[in-house]
Amino acid sequence: MTTETNTYEFQAETKKLLDIVINSLYTERDVFVRELISNAADALEKMRHESITETDVFDGHLPLEISIDLDSEKKIFTITDTGIGMTRDELEHNLGTIAHSGSNTFLSDLAEAAKKDVSLIGQFGVGFYAAFMAGHTVRVQTRSWDKSEGHEWVSDGSGTFTISEMKGLRRGTKIIVELKDDASEYAEKFKVDSIIKQYSSFVSFPVKLDGEVVNTVKAIWTRNKNEITAEEYNDFYKFVGNAATDPMYQLHFSADAPLAINALLFVPTENFEVFGFGRVDPGVSLYCQRILIDQHSENILPEWLRFLKGVVDSEDLPLNISRQALQDNALVAKLRKVITKRFLKHLNEEAKNDPEKYEKFWSTFGIYLKEGVTSDYEYQKEIGKLLRFESSKSDAGKSISLADYILRMNPDQEEIYYINGPNRAAIEAGPYVEMFTKKDIEIIYTMEPIDDFVLNHLGEFEGKKLVSADRADLSIAKDDDVEKDDAGDDDTKKLADDEVTQLTEWMKKVLEKTVADVIVSKRLVDSPAVIVNPDGYMSSSMERILAANRKEKGVVDMPGMGGSKKNLEINMKNPLIVQLARLQKKDEKFATEVALQIHDNAMLQAGLLVDQLEMVERNYRILSRVVEE
Ligand code: ADP
Ligand code: MG
């Protein structure tokens with residue numbers, strides 16, 4: 001029953017907005033459902049707040065909830081809430097003007113965006129007026145909690161609206177959207193159901209669709225940690241992470257200052273990228289007061305944390321922010337920093353509290369942290385603490401942290417050493433670890449192709465340089481290592497100094513195509529020879545990957561182009577080398593074959609490429625000679 005009806009003009013800005021909404025918005029109409037639900041939730045929240053102190057509330061017995069009812073025949077979408085409602089003045093003001101702060105800049109942004117790309121507009125939250133995206137006529141029937149009479153507001157969005165008194169209304173607001181012909185899908189249950197689930201799953205009041213509650217999963221991230229059971233966390237994870245198992249780790253944290261943050265992050269049990277599904281999408285979504293703003297957000301965490309699932313909610317964020325604007329929003333950048341740091345700290349704590357579990361995490365998701373070190377300078381140091389590797393002092397299959405390494409370092413040791421190899425056995429059988437074993441210096445084993453890049457990018461840890469043990473100028477190999485060993489070792493037939501020089505000069509000539517220099521080794525204990533890198537920057541392992549990469553891209557490696565030339569170090573205590581010097585004088589041709597073979601063997605131990613056919617043929621020639629004798 002309506003009585004007197006008054007007609008009003010929309011404020012000029014509102015007209016502009018409505019004009020854009022009605023004439024330009026087709027693509028992202030779904031958001032009107034989100035906007036109306038969010039307004040209803042706001043009104044309910046205000047009601048809940050008032051009723052804490054006010055006992056004299058109109059219709060105080062009504063449960064706080066949102067109902068959406070669809071009439072697919074008449075093409076009507078209706079949303080009802082039992083919230084705070086609006087008085088006549090509020091109705092006229094709130095739905096006739098754009099009064100809320102920032103809306104004018106928003107409007108000019110919107111107009112700008114509309115000029116450039118119409119489809120962009122839908123990404124802005126347009127508030128209540130979004131109802132006109134789908135409705136040719138919108139009716140708002142509302143009654144305030146203050147017991148004043150109810151009213152109906154009606155508009156077709158074309159410049160004017162009417163307000164008339166309406167008797168018999170309950171507290172709260174009912175918005176009736178009479179749908180345009182081409183928007184009739186918003187009277188279909190499955191369509192509306194999916195929109196609610198996408199955007200409004202976590203609204204803190206029940207949302208009923210044709211009488212059934214749709215949002216059954218609670219936004220537990222806003223609650224106090226102590227009140228949430230493990231089961232609730234697990235169920236929530238399964239919902240947001242689309243997972244079948246419980247998470248490996250979870251982190252729930254809140255902050256009020258400097259930013260209001262509620263974050264609930266999960267580490268899954270599996271890494272889906274290794275199952276051949278390709279790169280996974282980011283798994284954390286961004287909310288503002290339980291309403292979705294950016295699903296699977298690319299902005300809220302760095303890319304290398306894309307394996308995380310969960311939600312970040314900040315009420316400091318404006319709901320009506322475009323996805324484009326999120327990207328360079330300073331607030332989002334701050335959120336990202338706080339959350340990333342907090343998560344890395346959390347991992348550190350987990351690693352301390354339960355190293356074995358962390359070992360499992362590391363083997364599943366370590367690859368992402370390595371990606372972080374090589375791609376994200378900002379968090380490199382923090383991630384450095386989380387890296388794990390096997391070492392000469394770890395048990396096989398167990399790993400240590402760089403911090404563990406530093407604790408065990410010799411007092412006069414300046415650097416952290418590592419060496420790459422395909423596996424533990426191969427590394428330990430190779431020539432690079434000899435000096436380390438002899439001097440009881442721990443050496444890290446890097447067994448993944450990417451590892452040397454990671455340590456190279458990291459550069460140092462707690463002030464100690466990270467050094468690949470195949471560097472030519474390794475500082476732990478000292479001059480007196482050579483002398484000391486020879487002293488008292490009568491069996492070794494030592495070469496005279498000039499013989500040594502002659503041998504190295506000769507070998508250098510023989511190997512001229514592939515090596516930069518042949519030098520007397522200070523580091524070798526048993527092996528006859530070793531390949532080392534005069535270019536301290538790149539380890540052989542890094543070079544191997546780059547070469548493979550070039551090959552994949554069809555670039556043919558020319559001699560000398562596969563990176564810098566290496567040095568060959570020879571061990572003057574090794575009988576083979578000593579005999580080679582003598583052989584060279586007797587039978588230079590055969591000595592040349594031996595020298596080439598020593599070189600190829602050392603290259604293989606370094607994991608570098610040799611001409612395999614040639615090597616095998618040469619090897620047979622050498623063997624034939626051995627059996628002849
Ligand atoms: P915003 O929600 O950002 O304030 P809207 O355009 O969505 O902007 O809504 C404008 C105003 O209309 C709200 O601030 C509120 O005062 C009022 N309003 C809208 N929907 C409701 C509702 N369901 N119940 C009570 N007030 C409402
Ligand atoms: Mg709103």
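The values are calculated or read from the model by the stated rules, or taken from the named source; none is laboratory data. The shown structure was predicted, so the numbers you read here are calculated from the model rather than taken from an experiment. Every residue, glycine as well, gets a Cβ built from its backbone with ideal geometry; the counts of neighbours run over all protein chains shown. Heavy atoms of the whole protein, side chains included, go into the accessibility calculation; ligands, DNA and RNA do not. Shrake-Rupley method; radii C 1.70, N 1.55, O 1.52, S 1.80 Å.
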task: Look at V217 and say whether it is under 37 Å from the mean Cα position of the chain (by Cα) and at pLDDT 95 or above.
output: no
message: I'm trying to understand the selection: among the residues of segment 346-371, which are open to solvent by 80 Å² or more (accessible area, probe 1.4 Å) and touching a residue at least 12 places away in the same chain (Cβ under 8 Å)?
response: K360, I367
query: All but one of (1) at pLDDT 95 or above; (2) over 26 Å from the mean Cα position of the chain (by Cα) hold for S204; which doesn't?
result: (1)
task: Within segment 30-53, work out how many residues are more than 16 Å from ligand 2 (Cβ to nearest atom) and touching a residue at least 60 places away in the same chain (Cβ under 8 Å).
output: 1
query: Any residue at all in segment 1-20 that is within 21 Å of E185 (Cβ to Cβ), touching a helix residue (DSSP H, G or I) at 6+ places or on another chain (Cβ under 8 Å) and crowded, with 20+ Cβ neighbours inside 10 Å?
result: no
task: Go through segment 466-507 residue by residue and tally those that are open to solvent by 20 Å² or more (accessible area, probe 1.4 Å), among the hydroxyl-bearing types (S, T, Y) and either under 25 Å from I419 (Cβ atoms) or modelled with pLDDT of 65 or more (or both).
output: 2
- prompt: Taking segment 284-335 only, how many residues are more than 18 Å from H252 (Cβ to Cβ) and either assigned to a helix (DSSP H, G or I) or basic (K, R) (or both)?
  reply: 13
field: Selected residue (only one of W145, W153 is crowded, with 22+ Cβ neighbours inside 10 Å, assigned to a loop (DSSP other than H, G, I, E, B) and modelled with pLDDT of 90 or more)
entry: W145
- prompt: What residue, of R424, R388, R342, is more than 18 Å from the chain's Cα centre (by Cα), farther than 30 Å from N601 by Cα and surrounded by 15 or more Cβ atoms within 10 Å (Cβ to Cβ)?
  reply: R388
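Within segment 99-112, is even one residue closer than 17 Å to V138 by Cα, of a type in the set (A, V, I, L, M), modelled with pLDDT under 95 and within 14 Å of ligand 2 (Cβ to nearest atom)?
Checked against the condition, which is being closer than 17 Å to V138 by Cα, of a type in the set (A, V, I, L, M), modelled with pLDDT under 95 and within 14 Å of ligand 2 (Cβ to nearest atom), segment 99-112 yields no hits at all.
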- prompt: For segment 292-315, does any single residue satisfy the condition of being farther than 24 Å from I196 by Cβ, acidic (D, E), surrounded by fewer than 15 Cβ atoms within 10 Å (Cβ to Cβ) and more than 16 Å from ligand 2 (Cβ to nearest atom)?
  reply: yes
